[in-house]
Every structure is written in structure tokens, then in C-alpha cells.
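Taking it in order: structure first as C-alpha cells, then the write-up.
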Amino acid sequence: MKKRNIVLILLMVVGVITFLDRINISVAGASIMEDLDLTGKQWGWVLSAFILSYGLLQVPLGAWGDRSGQRKVLSVIVLWWSLFTILTGFSNGFVMLLIIRFLFGIGEAGAYPNMTGTVGRWFPRKETARAQGYLWAASRIGGALTPLIVVPVIIHLGWRVAFYILGGMGFIWVLVWFTWFRNFPSQKKGIARDELAEIGHREEYTKKVIIPWKIILRRNQFWILLAMYWFYAWGSWFFFSWFPVFMEEGRGFSKSELTYAVAVPFLFSVIGNISGGYISDRLTLKYGLNIGRKAVGISALALSSVLMFLAGFIPGKLQVFIFLSFCFGIFDLMLPAAWAICLDIGKKYGGAISGAMNTAGNIGGFVCAISFGYLVDLTGNYNFPLYLISAMLLLSALMFFFINPSKKLVEDGE
């Protein structure tokens, strides 16, 4: 097996762990709200505390990985968030839970920018979207596994035990990662010359990286990229935060039904991410970056907007389950293309650019999670927020149209 494929497997494993630890609290949401006597507004703030810190630290932790190497940075941040996953189980009230989830988000903030930076160093350009597809598919596998693990634990042992169990996984991963991984392919003992030739000598990654933010911030394309992801994140963070509570409280799914009601849409997302990565790379190879990235992104976001609207408009348990399963799978077709664009236009600054994009997305997610809670408390209707999310996905498709993946943010010599 090629060394870069082992790297990909390690990144996929931590992608699964990332979402197990993240979605855990959403699946346990109804039980935690009942146990700690939390209102919808308070629960919205608990979910948003994580999103806030997760968003704010994306850029600095992505830049830290670009400068210092992902071997060290990923090790530190996985240990950090695993500790606070365990501590979540010790929460005794709203304030403590709010603080712990904020601190938990600090660790998880650096995960995907540094995973993207690793892909940039270890994979040839023609494989980056496909690699991103597998990484995001792994995260959705984590989301799909979460209810299958957490719901039985909640029923038999209580919600707190679920956090103790899942928190321990990160410590094991760090031991393997730090022992085996190296920041550059050329530093890895035993790597074949043919594979090094395939990857190419990434000279730009070996130099000391100083992020030229003054130049980047003047580029309109940078802000369009951020706007695209800000609107998209309303959809993704609905699934990451309120979705299990929506299905349980808004559409009447029981705890046992929740296992498949949450797991299946995440499995659809797995298919979407893997397919999106392959489709984007194939279209790019045949038609170039502009069509290869944008055709996937625009069509996926527009269609998912329609499905999200139908999920809110049409009553019934089975109908909403079908619409939201397809919605999640389809809008995640665009995810590998979006993250590959960060490498296309960011080049050696890909970690920082992806961090900035994800920061914008998490600001959108922060607003979504809070707004959802307030809208539910105000109207007593769990369906109304879905219409707003549908509009956001449509706006994301519009922003995607104006991105030019072939144009670098920082030209050579700038």
C-alpha cells in the first residue's frame, strides 16, 4: 500500500472520531435538556458555544499547522478535544456545559484545516478532491455511527457515560499518528521513489510560510468563497446540531427510531462526499477546474435547497426522513469540491484559506443554531426554520457560481 493511502486512512479515522465526539451531544440532546432542565434557547446557546470557538480558531490553528507541521498540531488538538469530550459528561448545569463545550470547540477547530494541509503536502493535485471526499465521508460515517453507539448507552447507562467512552478514542489515535506520520513524504522512511515522483516535490511547502493576509483580504474571490460557505453551513449545522432534536421533538420519532432516523441521512452524506470527490476530479481532468469544481457545487446546493423546503412543508415522519436523507447526501456532493478549491486557489496557504472558509461556515452555523432555538420557542413550530435554511442553501449556490477555481489568491512573486 502506498504511504499516502496510509496517511489517508489515519486522517479518515480521526475524521470519524471528530464527528463521534461532535454529534454525540446532539443525539443526547433531549436527554441532556431534560436532565439539566434546559430551555430551547439555552440549548441553542450550548450548541452555539462549540460552534463559536470552533469557528474563531480555524484560521490560527490552520496557519499553525502550515508553519509548524501537522504532525505536532493534530496531536495537540486531538488530545485537547478528547479531554473536554470526557469532561462534558461531568456537566451539572447550563453554565458548566456552556464553558466545556466552548473549550471543546477550541480543539476541534484545527482538525479539518490541518487535515487539508496534510492532503496538500502528501497528495498530487489530481487526487486532492478525491482525498477530501474520503475525509468528509469519514466524518459522516462518524455521524452515522453516533446514534448507533450513543442511543443504547443512553438507554442502559445514561448520557454521561457516552461522553466518557467516546472521549478515550482520541488518545489512542494520537499515539499512532505521532509515532508513524511525518510532515513531508520525503521525511518518511520506506517511501518508494515512484510514489515521491507521483506526489511531486512540493517545494513551496518546505519553505517557511508567512501568510500574506494583506494581499488575500483584497481579493474579492476570497470573500465570495467565505460567503458561499457561510450560507452552506446553515444546512450542515442543522444536521450537526438540531437535527436529532427536530426528529424526536418536532416529528415524533422515538429513541429507538432515532438510531436509523439520524444514521441513514449521515450514510447518504457518506455516499455524497465520496461521489462528489470522484465526480469533481473526473470533471476537472476532462473539462478543467472551472467546470470540475463549480458544476458539482452549484447543482448540489440548488437541488438540496428544494429538498430542505419540501422537508419543512410536507408533514409526516416517513416523508421528512426521505427528504432530509437525500438533502444531506446531495448538498454534501459539493463539499470535496469546496475544500479542494481552497488548495486550488490557496496553494501553499491552503490550510489558512480552508481555515478562513470554515470559520465563515461556523459563524453561519452559530447563527443557525441560535436562531433555530429562538424560532422554535417563539413559534412552537419546528418546521419554520427549515424554510430559512432552504433559502440559505440557494444563496450558497449563487455564490458558488462566482468563484473561479483557476485563479490563485496570491500570484507568484507577490
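Readers should treat all values here as calculations from the given coordinates under stated rules, not as data from a laboratory. The structure presented is a predicted model; accordingly, all values stated were derived computationally and were not measured. Here Cβ is always computed from backbone atoms with ideal geometry, including for glycine, and neighbour counts include all displayed protein chains.
So for the chain, averaging the separation of alpha carbon pairs under 8 Å that are six or more residues apart and normalising by length, what relative contact order in percent results?
Relative contact order of the chain: 27 percent.
So, in Å, what gap is there between the alpha-carbon centers of the range 318-371 and the range 222-237?
Between the Cα centre of the range 318-371 and that of the range 222-237, the gap is 7 Å.
Using unit Cβ charges (K, R positive; D, E negative) and no other charged atoms, how large, in debye to the nearest 20, is the dipole of the range 275-407 about its Cα centre?
Charge dipole of the range 275-407: 460 debye, to the nearest 20.
Can you tell which of L74, I106, Y54 lies farthest toward the positive end of the dipole of the range 1-125, using +1 and -1 charges on the Cβ of basic and acidic side chains (Lys, Arg; Asp, Glu)?
L74
Only loop residues by DSSP count here, and only those with at most 14 other Cβ atoms within 10 Å; note down the chymotrypsin sites (Phe, Trp or Tyr not before Pro) in the range 82-132 that meet that.
Hits after loop and neighbour filter: F90.
Can you run phi through the Karplus equation (6.51, -1.76, 1.60; θ = phi - 60°) for the range 393-410 and list ³J(HN,Hα) in whole Hz, with x for Gly and Pro?
Here the 3J(HN,Hα) series is 5, 5, 5, 5, 4, 5, 5, 4, 4, 8, 7, 10, x, 7, 9, 5, 6, 10 Hz.
Can you list the trypsin sites (Lys or Arg not before Pro) in the range 335-414 that are in a DSSP coil and have 14 or fewer other beta carbons within 10 angstrom?
Here the sparse-neighbourhood loop sites are K407.
Given (i) 43, 37, 21; (ii) 30, 27, 18; (iii) 33, 24, 19, which label gives semi-axes √(5λ) of the Cα gyration tensor in Å as computed from the coordinates?
Matching the structure shown: (iii).
For the pairs K72/K408; K347/K408; K2/K294, flag any whose C-alpha to C-alpha distance is greater than 19 Å.
K72/K408; K2/K294
Using the crude model of +1 on Lys and Arg Cβ and -1 on Asp and Glu Cβ, and no other charge, please compute the dipole size for the range 6-138 relative to its Cα centre, in debye to 20.
It works out to roughly 680 debye.
For L283, L378, what's the fewest-to-most ordering of other Cβ within 10 Å of each Cβ?
Sorted ascending by nearby Cβ count, the order is L378, L283.
Counting other beta carbons within 10 Å of each residue's own, what order do S269, S26, S390, S325 fall into, fewest first?
S325, S390, S26, S269
Only Lys, Arg, Asp and Glu count, each charged at its Cβ (+1, +1, -1, -1), so figure out the dipole size of the chain about its Cα centre, rounded to 20 debye.
Charge dipole of the chain: 1500 debye, to the nearest 20.
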